Structures are given as structure tokens and as C-alpha cells.
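Notes follow once the structure below has been shown.
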Amino acid sequence: MTGIPTRRLVLLGSTGSIGTQALDVVSRYPHIARVHGLAVGGSRPVLVAEQVLAHRPAQLVISDETRAAAVVDAVRQACSAAGVPAPEIGVGADAVVELAGSLGEGDVVLNAITGSVGLLPTLAVLSCGARLALANKESLVVGGHLVTEAAAPGQILPVDSEHTAIAQALAGVEHEQIDHLVVTASGGPFRGRSRGELAQVTPEQALAHPTWSMGRVITTNSATLVNKALEVIEACFQFDLPEDRVEVVVHPQSIVHSMVTLVDGSTIAQASPPDMRHAIGWALAHPHKLPGLAAALDFSTAQSWTFEPVDEDTFEAISLARGAHREGGGAMAVYNAVNEEAVEACFAGALSFLGITALIREVLEHPRRPRAQREDGVEGLLAVEEWARATARAQIAERAR
């Protein structure tokens with residue numbers, strides 16, 4: 001296969017679900033990217049050492065300073081045993097941002113960090129001119145216009161089954177020809193249940209996703225439909241549309257990943273088996289296609305695809321996000337920050353499953369909630385986010401009394 005340039009690749013979050021699959025793609029198609037740097041949280045030192053030996057990055061960054069020593073030891077021992085030089089190693093959040101901004105035009109950074117901590121690395125990538133393969137949806141959800149205004153046309157390529165599907169469906173479509181977007185949702189493990197039935201749900205049950213294999217936070221967000229709410233807001237910024245032109249439909253089979261309805265009434269859908277390598281390979285090789293990347297649909301056997309409306313009375317996450325997006329002023333930063341705190345509290349036994357979205361609503365409605373102005377920039381957003389986290393923690397503690 002010719003015509004695909006070999007780019008330098010920095011992978012942020014290499015030991016997570018997206019990160020490990022991205023390295024699998026690079027191993028199978030080594031001509032598309034050469035791994036220049038990896039950033040990890042530090043919870044899986046043995047895996048980090050294996051990735052370093054397999055891909056020989058020049059740089060490695062461990063974001064969690066408390067876990068750095070174990071990772072450094074594992075990497076250096078592995079490299080010594082293999083007789084290869086260890087990478088240059090950095091530690092801390094600032095080092096992650098520095099690595100993210102270390103490349104340039106023609107290179108690619110895949111931001112697979114989970115949570116709003118991915119915002120500053122995203123802005124660093126955009127400032128250096130590299131292609132941003134964006135799996136960190138919180139960057140757009142929290143950063144919004146800061147991110148889109150910093151990006152050159154076509155610089156951000158989504159690594160998300162829904163948004164990759166929309167981008168592919170929009171190929172050759174003028175913006176004014178779009179009527180609305182349709183983002184599909186599996187419905188998660190609790191599709192069809194009432195609020196009463198969700199009252200006794202455990203965190204472990206929330207992790208039993210029917211289709212996708214993801215990390216703890218994203219899987220829980222899928223169960224509450226917070227993940228789908230974030231994807232609606234991400235789509236608003238990625239494709240420059242208001243929230244009322246981004247619909248959500250439940251599609252349990254997770255085959256049609258999203259759709260675009262045009263002004264003439266036609267709808268373009270992108271369909272493939274649920275495999276994140278489609279989205280990863282699309283972003284890394286764009287505009288080229290990687291042959292045999294993942295399994296194709298088999299139409300030789302009978303199958304049914306179903307679609308149904310979202311029960312927003314039971315799952316309020318999407319309507320809360322729509323309201324926060326319309327309001328602006330950092331409301332989505334509040335939404336996301338409270339959710340991150342609430343998910344951790346749920347797994348710690350301090351908050352119920354239904355309490356996650358209830359807490360988001362309560363903090364959004366707080367009478368003293370600060371607003372961030374556009375001119376406040378990233379510092380203003382981060383200040384609002386910190387207020388939201390502190391307020392969420394206080395309310396969680398109050399519930400525990």
C-alpha cells in the first residue's frame with residue numbers, strides 16, 4: 001500500500017482501551033506511524049514496559065507522580081534486559097502537555113486521556129500544528145470554542161465511533177446541506193428499565209456494557225447516558241451545529257454508528273461491526289483507508305437493526321447537557337467535572353447510581369454557581385471546574401452524614 005506518509009505519533013493514554021488498540025493498529029500497519037512518545041497514568045507498569053520494548057519511543061511521560069517510580073523501574077529493567085536504551089522519561093501533568101506539543105505539522109497526536117485533564121494537552125497539540133486524533137471528548141465538551149478557535153481547518157479528527165461515522169457521512173457534503181445529525185446509542189446495560197428499577201443498581205452492574213469493552217469511567221457514563229450527552233455536545237462543536245440539530249436514537253445492535261439527515265430529506269448512515277479500530281485507523285491514516293483493518297458486515301445471513309427513542313424521563317443526562325450547552329458560561333465544564341466526581345463516589349459507595357445525574361443537576365442549579373466568560377480563557381474554565389469539583393465533593397459528603 002503506497003501513498004500514506006509515515007507520521008511521528010505521540011500517544012497520550014497508551015495503556016487504556018483506545019491506547020492499546022491504537023498500538024495494535026500501528027503494529028499491523030507500521031508504515032502509517034512511528035511511535036515517538038507515550039504518556040501513561042502509571043497504573044500498569046508492566047504493560048508500559050512491554051509497550052516501550054515493542055515500539056521503542058524516544059520519550060515516555062508518567063502523569064501520576066506517585067506511580068512514577070514503579071513505572072521507571074519496570075521500563076529500565078526491561079530495556080536493560082533487552083539490551084536497548086531506555087526512553088527519555090518525564091513525570092507530571094506539565095510533562096504530558098510538553099510532550100503533546102512537541103511535534104509539528106505532518107505528525108499526529110492521539111489524545112486518549114480520559115477526563116477534562118485532556119484539555120491542556122489538546123490545546124498544546126493544536127498550537128504546534130500537528131494533527132489531533134481526538135478520543136478525549138472532554139476537550140471539546142469543556143473547552144468548546146477555545147478548542148475550535150485554536151484548530152486549523154481539518155486539524156481535529158475524531159476518534160469516536162459516532163463522530164468518525166458522522167465525519168465519513170459528511171464527506172463531500174456542504175455544511176448548508178445538513179439538516180441534522182443523528183447520534184446512535186446502544187442504550188447501555190439498563191435500556192428499558194424504569195427509574196424505580198434503577199434505584200438498586202450497583203456499580204458492577206453498570207460495567208456490564210452489552211456491546212463495547214471500555215474503561216470504568218466511560219462504561220459507567222454509557223450506563224447513565226452521560227457519555228451520549230457528552231457526545232451530543234462534542235458533535236455540536238466538531239460539526240458547528242446547535243444542540244437542537246443533534247438528535248439521539250437508541251440502536252442496541254451498535255452497527256449504525258451515526259447518521260446525517262440532509263435538507264432534501266435523505267439520510268446517510270455509516271455502518272460497521274462495533275470495533276474501535278475502525279475509528280482509530282480512520283484518524284491515523286486519513287484520508288487513506290487501511291485494508292483489512294477490522295471485520296466487515298456480513299450480509300449473507302439475516303439480521304435486524306432496530307431504532308427507538310431515548311427515555312429521557314428515566315435518563316436525564318442528555319437533557320441536562322443540552323441545557324448546559326445552551327446556557328454556556330462554563331456550564332458544560334461544571335457538568336463534566338461533577339460527573340467525574342460522582343462516578344468516583346459511586347464506586348466508593350458514597351453515591352447511588354441515580355445519584356450521579358441527580359448531583360449534576362443539583363450543582364448546575366446551585367444559586368452561587370460561577371460563570372466563565374469567553375475572554376477568561378482556559379484559566380476561567382479551570383476555575384469554574386474547580387468550584388464544581390469542590391461543591392460536588394461537599395454535597396457528596398453531606399449525603400453521607
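The values are calculated or read from the model by the stated rules, or taken from the named source; none is laboratory data. The structure presented is a predicted model; accordingly, all values stated were derived computationally and were not measured. Cβ placement follows ideal geometry from the backbone for every residue including glycine, while neighbour counts extend to all protein chains displayed.
Okay, here's what the table says:
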| read-out | value |
| --- | --- |
| Among the residues listed as Leu103, Leu11, the single one being touching a strand residue (DSSP E or B) at 6+ places or on another chain (Cβ under 6 Å), of a type outside the set (Val, Ile, Thr) and modelled with pLDDT under 95 | Leu103 |
| Matching residues in region 108-150 - criterion: being surrounded by fewer than 20 Cβ atoms within 10 Å (Cβ to Cβ) and assigned to a loop (DSSP other than H, G, I, E, B) | Gly115, Gly129 |
| Check on Leu364, buried (at least 17 other Cβ atoms within 10 Å of the Cβ), within 23 Å of the chain's Cα centre (by Cα), at pLDDT 90 or above and within 20 Å of Ile218 (Cβ to Cβ) | no |
| Any hit, region 293-301, residues being in contact with a Phe, Trp or Tyr (Cβ under 7 Å, 6 or more places away or on another chain) and more than 30 Å from Gly196 (Cβ to Cβ) | no |
| Any chance Ala345 is under 20 Å from the mean Cα position of the chain (by Cα) and crowded, with 21+ Cβ neighbours inside 10 Å | no |
| Residue identified as outside the structural domain of Gly16 (by TED's automatic domain parsing), of a type in the set (S, T, N, Q) and in contact (Cβ under 8 Å) with a residue 12 or more places away in the chain among Ser300, Ser258, Ser319, Ser266 | Ser258 |
| Given (1) in the same structural domain as Val61 (by TED's automatic domain parsing); (2) of a type in the set (S, T, N, Q); (3) touching an Asp or Glu at 6+ places or on another chain (Cβ under 7 Å), number of the condition Asn111 does not satisfy | (3) |
| Residue in region 174-191 that is in contact with a Ser or Thr (Cβ under 6 Å, 6 or more places away or on another chain), outside any strand (DSSP E or B) and outside the structural domain of Phe237 (by TED's automatic domain parsing) present | no |
| Members of region 323-371 found to be among the hydroxyl-bearing types (Ser, Thr, Tyr) and either closer than 23 Å to Leu119 by Cβ or not assigned by TED's automatic domain parsing to the domain that holds Glu231 (or both), listed by number | Tyr335, Thr357 |
| Single residue of Arg44, Arg76 found to be of a type in the set (D, E, K, R), buried (at least 17 other Cβ atoms within 10 Å of the Cβ) and modelled with pLDDT of 95 or more | Arg44 |
| Residue within region 37-50 that is closer than 26 Å to Leu293 by Cβ and either among the acidic types (Asp, Glu) or assigned by TED's automatic domain parsing to the domain that holds His288 (or both) present | yes |
| Residues of region 119-146 classified as under 13 Å from the mean Cα position of the chain (by Cα) and of a type in the set (Ser, Thr, Tyr), total | 2 |
| In region 1-31, the residues that are in contact with a Lys or Arg (Cβ under 7 Å, 6 or more places away or on another chain) and aliphatic (A, V, I, L, M) | Leu9, Val25 |
